[in-house]
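This report concerns only the one structure given below.
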Amino acid sequence: MAKVHFTSNLRRHVDCPSVEVQALNVAEALAQAFARNERLKTYVLDDQGHLRKHMRILVDGAAIKDLRSFNDAVQPGSEIWVMQALSGG
Amino acid sequence: MQKRMLVSTRKGLFELGRGRNGWVVKDTSFLGDNVTLALHDARDGTDYAALNHGHFGIKLHRRDKGKKTWVEIATPKYPEKPEGLVDNDGWGKPVTWSTQLIWALETGGPRQKGVLWAGTMPGGLFRSSDRGETWQLMESLWRHPDRNKWLGGGADLPGIHSICVDPRDANTIRVAISCGGVWRSEDGGQSWAQSAHGMKFDNGPKSEAESPDAQDPHMMVQCAGAPSKFWVQHHAGIFKSVDDAKTWTEVKAAPSSFGFGVVVHPKDPDTAWFVPGIKDEKRIPVDGKLVVTRTRDGGRTFKSLKKGLPQKHAYDVIFRHALAIDDSGKQLAMGSTTGNVWVSGDQGDSWALVSSTLPQVYALRFA
């Protein structure tokens, strides 16, 4: 099982505890995480299903490369982090 | 007279209430978050709030009448952009098919319970028939070939900031776009026609300066009691229409015709208010003196109203949705970029400061 984590900044707005997923790639991992809470998807992906600007996804510490289809491989035991910068002022 | 006000700010939603000693902050919601616009639906008592979470996107929340808690509802969402479609704005730059801002939020007609309208950047108009549970893009306007002439004014993308649902017929809707002119539908949004004829910029090539699709109305309002009459605060001045927003004529005001907001008296179409500033390249009050201008004769003359407003080193800008009038036409209010909120109980003759310490005010509405 891989695990998907979200930041405390995102948890402030939407219910998104870390979840265990059975996935071969990031797309599958995200789909399982979003299945728990459909609102979560809208915070991470834009209307076109693309990763929102200034958000990053790391698999085992490395930033994924496929930002449109999320085909980057996931291993059993992988740690997947959905991260973001913060904007404002 | 209305006794409640919703103030949307960079750091939360503030509810003001009118008591014996004037207006005070009564409640707060979304503290720390960017609330860009709010709406009170008088038909059923619901409040709506639009938020911009920056990297997490645009969200909408709803609070039912008498409830303390807000519930997140659906956000207007653009359809999938067809693969290979070239969709550029008037600058020739690609249009993002994703909600960047909810820039207008209005209720449908009095007998259309649950119907809401939302104007967005990058220029899509959305309709909900179920209090924001779902939204439908007005494809007829979005797919209109002239949309590719629209362009961002101060922002990167064009946007709909004004929606006027005609009190005579809720299927007649007019929207104003920065920059894209004024568009009119008389069939509930099934078909649209440009309606900014007569508006013009004061410089640039004539073909562009007078092109309806290039016009930059900053805010458009319709007189509820005389709905054939409209006012627009335009980037290049003030315009009025007396023919159902079909044609527009320019009106000059002192100390400036530049500004963002405009309100019209709910019964008297000849009475309207503006907040002038030095024109576009500066956008600050003339001579550091904040004033409101009011016409009572359809724009032939204007009076500059300053009692109670700062007349020295005031650099407040009143954004387009941050000047409001109540249902009675007696109370006005405005909130500024420097966090000041003023109210007037005498149609702008005098103003009282409610707070000087709020965050930057984006929008203000009586509720």
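Output the residue which, of all residues in region A:59-78 that are open to solvent by less than 80 Å² (accessible area, probe 1.4 Å) and of a type outside the set (A, V, I, L, M, F, W, C), is farthest from B:Lys59 (Cα to Cα).
Within region A:59-78, the match that is farthest from B:Lys59 (Cα to Cα) is A:Gly77.
Applying the selection to region B:73-107, what residues are within 14 Å of chain A (Cβ to nearest Cβ) and touching a Lys or Arg at 6+ places or on another chain (Cβ under 6 Å)?
B:Ile73, B:Thr75, B:Trp97
Outside any loop (DSSP other than H, G, I, E, B) and either surrounded by 16 or more Cβ atoms within 10 Å (Cβ to Cβ) or under 19 Å from the mean Cα position of the chain (by Cα) (or both): which single residue out of B:Arg131, B:Arg62 fits that description?
Only one candidate qualifies: B:Arg62.
Would you confirm, using the coordinates I've provided, whether B:Ala245 is of a type outside the set (Lys, Arg) and in contact with a Ser or Thr (Cβ under 8 Å, 6 or more places away or on another chain)?
Considered against the rule, which asks whether it is of a type outside the set (Lys, Arg) and in contact with a Ser or Thr (Cβ under 8 Å, 6 or more places away or on another chain), B:Ala245 comes out as yes.
From (1) small (Gly, Ala, Ser); (2) open to solvent by 10 Å² or more (accessible area, probe 1.4 Å); (3) in a loop (DSSP other than H, G, I, E, B), pick out the condition that doesn't hold for B:Ser140.
In the conditions (1) small (Gly, Ala, Ser); (2) open to solvent by 10 Å² or more (accessible area, probe 1.4 Å); (3) in a loop (DSSP other than H, G, I, E, B), B:Ser140 misses (3) alone.
Quick one: is B:Lys67 away from every other protein chain (no Cβ under 14 Å) and either within 22 Å of the chain's Cα centre (by Cα) or modelled with pLDDT of 95 or more (or both)?
Considered against the rule, which asks whether it is away from every other protein chain (no Cβ under 14 Å) and either within 22 Å of the chain's Cα centre (by Cα) or modelled with pLDDT of 95 or more (or both), B:Lys67 comes out as yes.
Looking at region B:291-365, what strands (runs of 3 or more DSSP E) fall wholly within it and have at least 1 residues that are crowded, with 18+ Cβ neighbours inside 10 Å, among the charged types (D, E, K, R) and without any contact (Cβ under 8 Å) to a residue 60 or more places away in the chain?
Those strands (runs of 3 or more DSSP E) span B:292-295.
Return the total of residues in region B:12-47 being touching a residue at least 40 places away in the same chain (Cβ under 8 Å), surrounded by fewer than 18 Cβ atoms within 10 Å (Cβ to Cβ) and over 28 Å from B:Gln112 (Cα atoms).
3
When the residues of region A:46-58 are narrowed to those that are outside any loop (DSSP other than H, G, I, E, B) and at pLDDT 95 or above, which ends up surrounded by the fewest Cβ atoms within 10 Å (Cβ to Cβ)?
Result: A:Leu58.
The values are calculated or read from the model by the stated rules, or taken from the named source; none is laboratory data. This structure is a prediction, so every number in the text was calculated from the model and none was measured. Cβ sites come from the backbone with ideal geometry, for glycine too, and all protein chains shown count toward neighbours. To get the accessible areas, we keep the full protein, side chains included, count just its heavy atoms, and leave off ligands, DNA and RNA. Shrake-Rupley method; radii C 1.70, N 1.55, O 1.52, S 1.80 Å.
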